[in-house]
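Taking it in order: structure first as structure tokens, then the write-up.
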């Protein structure tokens, strides 16, 4: 079964800790994306990557970091510098960066 | 710059009634337009997309949307609502060339009553 997997589904973090969210795809897609979703605000782009070893900041990159060492994987680290990290995080991928985006099931991060 | 406005954060219909979810866009270049659906605590699923071919676009689960350039609208409709249609719906816009950077609306929650 091809698809996008995100883990864990729920994540709890203490203030001041970094945490890494996993996103893996077996669709052989070149491009991958991270979005943040807050109630009543729609989705906002954090980072995106068009190819391996390359990524660009989106609209709200401050306090986040990513890596793209493998085509299948695009992990997102939420650092302690992110002032309000509690949110639902969605990963997406596309065959090419001009193609329609398909989304994973999401990770809900809660800072305690 | 591109933006999307979804009128109504909540829409309530009865089962069997017409569903109409409104989306207006602003774009300085010809747009691609999308409707996505999200069930609770899940990712987004593509319902349909407009990519400058036919202005009436048919999607999954009986939904369709019509691109009206003169009204800068891309409203989503379904003739007869089912209970399973209860979800949140997002309209999104991107430029029709190059990187498809999606700009999302704030979403409309559809409530379906028996």
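Take residue A:41 and tell me if it is touching a strand residue (DSSP E or B) at 6+ places or on another chain (Cβ under 6 Å) and facing chain B (nearest Cβ under 9 Å). Judged against the criteria, residue A:41 is not a match. Put simply, of B:93, B:4, B:13 the only residue that is within 11 Å of chain A (Cβ to nearest Cβ), part of a strand (DSSP E or B), within 26 Å of residue A:40 (Cβ to Cβ) and in contact (Cβ under 8 Å) with a residue 12 or more places away in the chain is B:4.
If you check A:30, A:54 for being over 10 Å from the mean Cα position of the chain (by Cα) and over 22 Å from residue B:93 (Cα atoms), only one passes: A:54. Number of residues in the stretch A:9-56 that are surrounded by 12 or more Cβ atoms within 10 Å (Cβ to Cβ) and on the phi > 0 side of the Ramachandran plot equals 1.
Sort out which residues of the stretch A:66-112 are assigned to a strand (DSSP E or B), more than 9 Å from every other protein chain (Cβ to nearest Cβ) and surrounded by 15 or more Cβ atoms within 10 Å (Cβ to Cβ), and write them in order of number.
A:66, A:76, A:78, A:87, A:89, A:93, A:107, A:109, A:111
Out of B:111, B:47, B:76, report the one residue that is assigned to a strand (DSSP E or B), away from chain A (no Cβ under 14 Å) and crowded, with 20+ Cβ neighbours inside 10 Å.
Numbers: B:111 fails: crowded, with 20+ Cβ neighbours inside 10 Å; B:47 fails: away from chain A (no Cβ under 14 Å).
Only one candidate passes the filter, namely B:76.
All of the numbers you see were taken from the coordinates with simple rules; none came from a lab. Only a predicted model underlies this, so the values are computations on that prediction, with no experimental measurement involved. Note: ideal-geometry Cβ built from the backbone for every residue, glycine included; neighbour counts use all protein chains shown.
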